[in-house]
1. Can Ile111 be described as modelled with pLDDT under 90, open to solvent by 20 Å² or more (accessible area, probe 1.4 Å) and either assigned to a helix (DSSP H, G or I) or over 21 Å from Lys190 (Cβ atoms) (or both)?
2. For region 76-98, what are the residues that are assigned to a loop (DSSP other than H, G, I, E, B) and open to solvent by 50 Å² or more (accessible area, probe 1.4 Å)?
3. Strands (runs of 3 or more DSSP E) wholly in region 147-190 with at least 1 residues that are over 21 Å from the mean Cα position of the chain (by Cα) and not β-branched (Val, Ile, Thr) - which ones?
4. Restricting attention to region 62-72, does a residue exist that is over 26 Å from Ser187 (Cβ atoms), free of Cβ contacts under 8 Å to residues at least 40 places away in the same chain and not in a loop (DSSP other than H, G, I, E, B)?
5. Of the residues Phe48, Phe101, Phe57, only one is open to solvent by 20 Å² or more (accessible area, probe 1.4 Å), among the hydrophobic types (A, V, I, L, M, F, W, C) and modelled with pLDDT of 90 or more; which?
6. Based on this model, can you work out whether Trp75 counts as among the aromatic types (Phe, Trp, Tyr) and either modelled with pLDDT under 90 or closer than 17 Å to Asp219 by Cα (or both)?
7. Quick one: what pairs do we get from region 155-183, first residue in contact (Cβ under 8 Å) with a residue 12 or more places away in the chain, second aromatic (Phe, Trp, Tyr) and open to solvent by 30 Å² or more (accessible area, probe 1.4 Å), C-beta under 6 Å, 6+ apart or different chains?
8. Considering region 147-166 alone, what residues qualify as being surrounded by 15 or more Cβ atoms within 10 Å (Cβ to Cβ) and in contact with a Lys or Arg (Cβ under 7 Å, 6 or more places away or on another chain)?
Amino acid sequence: MEHIDYFKLQAKNLLKDFKTRFFNEETKLYEYKPKFFDISSIFIDFDFPDYKDDFSFTLMNAQHLIAKMAGYENWGELTKAPISELEIRHIIFDSIHKISFDEWNMYIQNIEKEKHIRLSSKEKLEIIKKEFMNINSDSKRKLLAAPKNLYAFMLPILAGYKITFSFDAVEYAQSYLIYSSDINDISTAKPLAAGQFSPIEYIAHHQTYVPYYWVRAFDGKEYGEWSAIARTNR
């Protein structure tokens, strides 16, 4: 299936899930019986007010939302994207339960930073085919263990804050990804920094205090279990 056609199908499936919407008299909320997506969570994540009685959702809306989920600003940007980039987004979209777009972007940024290079779309495609193409077929693969003893040390500097993350190494890990959130809830965690070894440093150029951190190991195919929570020494 061509990549544009693939995303068109996802939009149609999202619209089908929306059409299962019903009003639950007990909870007094609109709910769904979806087949393809966790549509309630998607609407929350992308700030779609489906709680309103007059809320409507068309195929055009579904295409726009699928484009946003794939990392684009809108459907038009998705349809004009290079083929190699669309193929990358296609692979990740198919494996979203294993690796998110934020995690992929952080992974690529880490490679570029470590090697002082700028990867082209074709080079990124080669990486994702090599590292991630079998991500769905390896269903019996055991997740990497959670890194233990995560500590976050914050040091004020002229540019803002330098945060140093240290933790125990995990066997078979190729790299690590640090997540942060302003509340103690993993579901709200966003990728913050990445590196191949501990310690990992991050420069916060603005003086915004983010109190909660986690780390996961990455083995080249998927991310492992979440570490225990860490807070900075601030």
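1. When the stated conditions are applied, Ile111 passes them.
2. Passing the criteria: Lys80, Pro82, Ile96, His97, Lys98.
3. The strands (runs of 3 or more DSSP E) meeting that bar are 151-157, 160-166.
4. For region 62-72, residues over 26 Å from Ser187 (Cβ atoms), free of Cβ contacts under 8 Å to residues at least 40 places away in the same chain and not in a loop (DSSP other than H, G, I, E, B): absent.
5. From the options Phe48, Phe101, Phe57, the qualifying one is Phe48.
6. Working: among the aromatic types (Phe, Trp, Tyr): yes; either modelled with pLDDT under 90 or closer than 17 Å to Asp219 by Cα (or both): no.
Taking the combined requirement at face value, the residue does not satisfy it.
7. Listed pairs, sorted by first residue: Ile163/Tyr202; Thr164/Phe153; Ser166/Tyr151; Ser181/Tyr212.
8. Within region 147-166, Ala152, Met154 meet the criteria.
The values are calculated or read from the model by the stated rules, or taken from the named source; none is laboratory data. The structure displayed is predicted, hence computed values, not measured ones. Glycine also receives a Cβ, built like all others from the backbone with ideal geometry; neighbour counts cover every protein chain displayed. Ligands, DNA and RNA are stripped out before the accessible areas are found, and what is left, the full protein with its side chains, is counted by its heavy atoms. Shrake-Rupley method; radii C 1.70, N 1.55, O 1.52, S 1.80 Å.
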